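First the structure, in the form of structure tokens, and then the observations on it.
The values are calculated or read from the model by the stated rules, or taken from the named source; none is laboratory data. Since this is a predicted model, take the numbers as computed values, not measurements. FYI the Cβ positions are ideal-geometry reconstructions off the backbone, even for glycines, and counts take in every protein chain you see. Please note that ligands, DNA and RNA were not included when accessible areas were found on the heavy atoms of the full protein model with its side chains. Shrake-Rupley method; radii C 1.70, N 1.55, O 1.52, S 1.80 Å.
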Amino acid sequence: MPPFLRTALALTVAGCMTCSPLTAQAASLEGVTVDDTVTVNGQKLVLNGMAVRKRGYFKTEVSALYLPQRTDNPEVVYRTNAMRYIRMTLLRDLPPATASRFFIKEFTQNATEAEAKQLINELGTLGGIYGSLNKINKGDVVEIIWTPGPGMTARYNGKLITEQGVPNPLWWAVYMRGYVGPNVSDTYRNGLMGASLSN
């Protein structure tokens, strides 16, 4: 082998030995560890970010947002043309009625009056699902999935809790304002938009 080729090969090998992995490692927050990629309904998604939700003085859950591709633009998250997946791990026990009140309060904070009127049926259905759970314990997992076509579905500890999807794009947009919209804390929104993975 010519000397210049041996030199080039040696430099390439040395460079690869110091390269960072192309995929992020699993991420942890408040003792909750999530994978850097998941497969939902046959589609591979990547971890966009994770954050701790606080309500009042209490930390209530760790949220992880997965998308087909990472983005730091909240507007992308509102779109309904691709799979979206949210995984929430509870950090404390909650009475189901309290969880339902949180859900309805946050929805009404993030919807205009006109939007709330349009989505009253969806709000009542999903608010009732939260309220119907027997109990919500620390470590329980709630999963929210948006699939183009069928719409939004929810699972609780791996069990489907929505009989059918909610396909309304307006519903998804309003719901996601509770995660990456202007009314949530900068720390929470920025965490889901990738700040928690930047270090």
Just checking, how many residues over region 55-82 are within 26 Å of T98 (Cβ to Cβ) and over 12 Å from the mean Cα position of the chain (by Cα)? 6
Could you tell me whether T153 is farther than 22 Å from A114 by Cβ, crowded, with 18+ Cβ neighbours inside 10 Å and without any contact (Cβ under 8 Å) to a residue 24 or more places away in the chain? yes
Output for region 30-46, where each listed residue is of a type in the set (S, T, Y) and in contact with a Leu (Cβ under 6 Å, 6 or more places away or on another chain): none
Name the residue that is most open to solvent (accessible area, probe 1.4 Å), counting only residues in region 156-199 that are within 15 Å of I129 (Cβ to Cβ) and hydrophobic (A, V, I, L, M, F, W, C). L160
Looking only at residues that are buried (at least 20 other Cβ atoms within 10 Å of the Cβ) and touching an Asp or Glu at 6+ places or on another chain (Cβ under 7 Å) in region 24-54, which one is nearest to F102 (Cα to Cα)? R53
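Okay, residues lined up against (1) touching a residue at least 40 places away in the same chain (Cβ under 8 Å); (2) β-branched (V, I, T):
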residue	(1), (2)
R87	yes, no
L91	yes, no
T98	no, yes
F103	no, no
A114	no, no
K117	no, no
I120	no, yes
G139	yes, no
Could you check region 125-135 and list, in sequence order, the residues that are open to solvent by 30 Å² or more (accessible area, probe 1.4 Å) and of a type in the set (G, A, S)? G128, G131, S132
Residue hits (region 156-199; without any contact (Cβ under 8 Å) to a residue 40 or more places away in the chain and of a type in the set (A, V, I, L, M)) are L160, I161, V184
Output the number of residues of region 74-105 satisfying the condition of being part of a loop (DSSP other than H, G, I, E, B), over 23 Å from P150 (Cα atoms) and open to solvent by less than 60 Å² (accessible area, probe 1.4 Å). 1
If you take the residues of region 106-124 that are part of a helix (DSSP H, G or I), among the polar types (S, T, N, Q) and within 17 Å of Y179 (Cα to Cα), which of them is most open to solvent (accessible area, probe 1.4 Å)? Q109
Would you point out the residue of region 55-74, among those that are modelled with pLDDT under 95 and out of contact with any Lys or Arg (no Cβ under 7 Å at 6 or more places or on another chain), that is nearest to I136 (Cα to Cα)? R55
V174 is checked against (1) among the β-branched types (V, I, T); (2) within 21 Å of D36 (Cα to Cα); (3) part of a helix (DSSP H, G or I) and fails just one. What number does that condition carry? (2)
Give the residues of region 58-67 that are under 17 Å from V34 (Cβ atoms) and either surrounded by fewer than 16 Cβ atoms within 10 Å (Cβ to Cβ) or free of Cβ contacts under 8 Å to residues at least 12 places away in the same chain (or both), sorted by residue number. K59
